[in-house]
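Asks: Below you'll find the structure I mean.
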Amino acid sequence: MAGKILTSLPSDIEENLLAFTNNLRELGVTHIGHGLIVGSLKPTAFFSCKEWAERYDDEDLVSRDPIRACALNTNFKIIPWEYIPSNKEQRPVIEERKREFCSKTGLLISMKHKEFHETFVFGTDSKKHDITHFFSKNSRVLIENLLRFRKEHMRYYTNNDGVDAIQ
């Protein structure tokens, strides 16, 4: 079922997104995922681990990912991973994501705009405090980086599909 989502962006865009990821690693973020659905165009996703990006589409993790399902099928805006509903088929995907990225916990930020739907997912390996405390403590930096991710990732659509970038 490969081909549902594009998980390999042009190298210049991926390099910039990796640079943003490295800035967040200083806070203790071990995993970043950023997805965009722009109109009827093919959805795109960036993952901080290239191997996960390849597996995500190739192994059809995209159709079994409870984080993506939650973003698509609910109106939740911000939700910790442990509160994301999952079924028997989906649970292994989130557990594999945690193992792959050394993330004990994480947060999904899902924003449905008129022109696009955006998800920003991050995980952390912190055992000291829960993810909501981590988000509260670092919210300014996380939101600033979300906006950087959006602007850079949106370049894919302006460069390749003629869609005006959404600011």
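Asks: Going down the table (K4/K104; K42/K151; K4/K98; K104/K151), which pairs top 20 Å between alpha carbons?
Replies: Those over the limit are K4/K104; K4/K98; K104/K151.
Asks: Starting from the stretch 11-106, pick out the GluC sites (Glu not before Pro) whose DSSP state is loop and whose Cβ has at most 15 other Cβ atoms within 10 Å.
Replies: Passing sites in the stretch 11-106 are E26, E59, E89.
Asks: Explain nothing, just compute: Karplus ³J(HN,Hα) = 6.51 cos²θ - 1.76 cosθ + 1.60, θ = phi - 60°, for every residue of the stretch 114-126 in order, whole Hz, x for Gly and Pro.
Replies: 4, 8, 7, 10, 10, 10, 10, 10, 9, x, 9, 9, 5
Asks: Would you work out which of H133, L36, Q90 lies farthest towards the positive end of the dipole of the chain, given +1 charges on the beta-carbon of Lys and Arg and -1 on that of Asp and Glu, about the Cα centre?
Replies: Value: H133.
Asks: Tell me the Rg and the Dmax, in Å, that the Cα atoms of the chain produce.
Replies: Cα radius of gyration and Dmax of the chain are 14.8, 45 Å respectively.
Asks: Which FRET efficiency, nearest 0.05, do E95 and D58 yield, Cβ-Cβ r, R0 22 Å?
Replies: 0.70
Every number in this text was worked out from the coordinates using simple rules, so none of it is lab data. Quantities reported herein were computed from a predicted structural model and do not represent experimental measurements. Glycine gets a Cβ as well: all are built from the backbone with ideal geometry, and neighbour counts include every protein chain shown.
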